[in-house]
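The values are calculated or read from the model by the stated rules, or taken from the named source; none is laboratory data. This one's a predicted model, so the numbers in the text were calculated from it and none came from an experiment. Here Cβ is always computed from backbone atoms with ideal geometry, including for glycine, and neighbour counts include all displayed protein chains. When the accessible area is computed, the model is the full protein with side chains, heavy atoms only, and any ligands, DNA or RNA have been set aside. Shrake-Rupley method; radii C 1.70, N 1.55, O 1.52, S 1.80 Å.
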Amino acid sequence: MKKFALMIAGLGIAAATVPAATAQAGWQNINQRQTQLDRRIDQGVRSGQLNRNEAARVRAEFRGIADLEIRYRRSAPGLTMAERRDLDRRFDALSRKIRIERQDNQGAGNGWWNINQRQAVLDRRIDQGVRSGQLTRAEAVRLRAEFRGIVSLEARYRQSRPGLTTAERADLDRRFDVLARKIRWERRDWQNRR
C-alpha cells in the first residue's frame, strides 16, 4: 500500500511539473538568445554589414537585457510570466534592430556605400525581380530610370564646390532608401505578369 501511495504521489508531482516544463519549452533562455544574437552580430561584422560602432551599440543593448534578466531572476518570486514577456519583447526589438543595422548599408568602408556599390545592389535586386517574374519589364525600366536620376544628382553634387557634403550624402541615402522600398514594393505587389 505504501508503494502504491508513493507511486500516486510521484505521478501527481510529475503531472504538476510537465505543464511548467512545457510552458518553458517555447521560450528560449538567455543563453540561447545570446548565442543567436551574438552569432548574427559577428556575421554582420565579418560580412561588413555592421561597422564596429553598430556592433558595440547592439552588444551594449544586449548586455542591458541580460542584466535585466538577472535582476528579474533575483527578485522574489523569480522570473514571472510578465517579466518573461517583457524580456521577449526586448529581445524581439533587439533582433529587429540588428536586422535593420545589417541592412542599412552603413557597415562598408566609411559608413556610406558609394554610388557603384548601391547601383550594383539595386541592379541585382531589379534583375532578380525580372527573372523571378516579380517585376515586369516596364517596372524595371521605370526603377532603373529613377536610379539614373539619382546617379545624375550625385554627379552634380560631386562637381559642385566643396564636393559631396554630408547633407548631400544624406539626401542621396534618403533617395536610395526610397528607391529600395519601391523595388521591394514592386516585387511584392503580385500583379498579373506577362
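Points to keep in mind about this one:
- Scoring Arg90 on the criteria (1) modelled with pLDDT of 85 or more; (2) crowded, with 16+ Cβ neighbours inside 10 Å; (3) within 16 Å of Arg187 (Cα to Cα) leaves a single failure, condition (3).
- Members of the stretch 72-82 found to be closer than 19 Å to Asn31 by Cβ, out of contact with any Asp or Glu (no Cβ under 8 Å at 6 or more places or on another chain) and either of a type in the set (Val, Ile, Thr) or surrounded by 11 or more Cβ atoms within 10 Å (Cβ to Cβ) (or both), listed by number: Arg73
- Among the residues making up the stretch 110-141, those that are at pLDDT 80 or above, assigned to a helix (DSSP H, G or I) and open to solvent by 40 Å² or more (accessible area, probe 1.4 Å) are Asp123, Arg124, Arg125, Asp127, Gln128, Arg131, Ser132, Arg137, Ala138, Val141.
- Some residue of the stretch 164-180 being open to solvent by 50 Å² or more (accessible area, probe 1.4 Å), farther than 25 Å from Glu101 by Cα and either in a helix (DSSP H, G or I) or not hydrophobic (A, V, I, L, M, F, W, C) (or both): no
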